[in-house]
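Student: I'd like to ask you about the structure that follows.
The values are calculated or read from the model by the stated rules, or taken from the named source; none is laboratory data. Since we're looking at a predicted model, the values are computed, not measured. Cβ coordinates were reconstructed from backbone atoms using ideal geometry, including for glycine residues, and neighbour counts include every protein chain displayed.
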Amino acid sequence: MERQVAYCSACDKDVHVVVTDEPSQDGHANLHDAEIVCLEIGDACSGSLCPIGATSPTVMAARLVRNGLQTIMQPVFQAACATCGRTTTHVIVERTHAICEDCGTTTPRSDLVVQT
């Protein structure tokens, strides 16, 4: 991963971003292309579209989790994942959505059954 600084027009300042690595080999459809991930997404962001990554804040937060850049700061819980079929750790990326740490699927929290 390559760390860079980019200007964010929504925050009106320079922010730190990461350009993720592309897969080292041709693979299945579940491999992701290189992505831009903003490391400073949060309360200072305005609007519903990140101008750097051209995605919603929810998608940008999911990219942070999927790429292993932020898992400790976000609340986590155990839940059954419908995609990978296992009980896994889910990271809350927005009040209404969580992402499975194992397979990277973003799911509405209302669809998850929390395990105690």
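Student: What number of residues within segment 1-15 are in a loop (DSSP other than H, G, I, E, B) and over 15 Å from Glu35 (Cβ atoms)?
Tutor: The number of residues fulfilling the criteria is 4.
Student: So, restricting to strands (runs of 3 or more DSSP E) that lie completely within segment 69-116, which ones have at least 2 residues that are within 24 Å of Met1 (Cα to Cα) and at pLDDT below 85?
Tutor: Where strands (runs of 3 or more DSSP E) fall fully within segment 69-116 and carry at least 2 residues being within 24 Å of Met1 (Cα to Cα) and at pLDDT below 85, they are 87-94.
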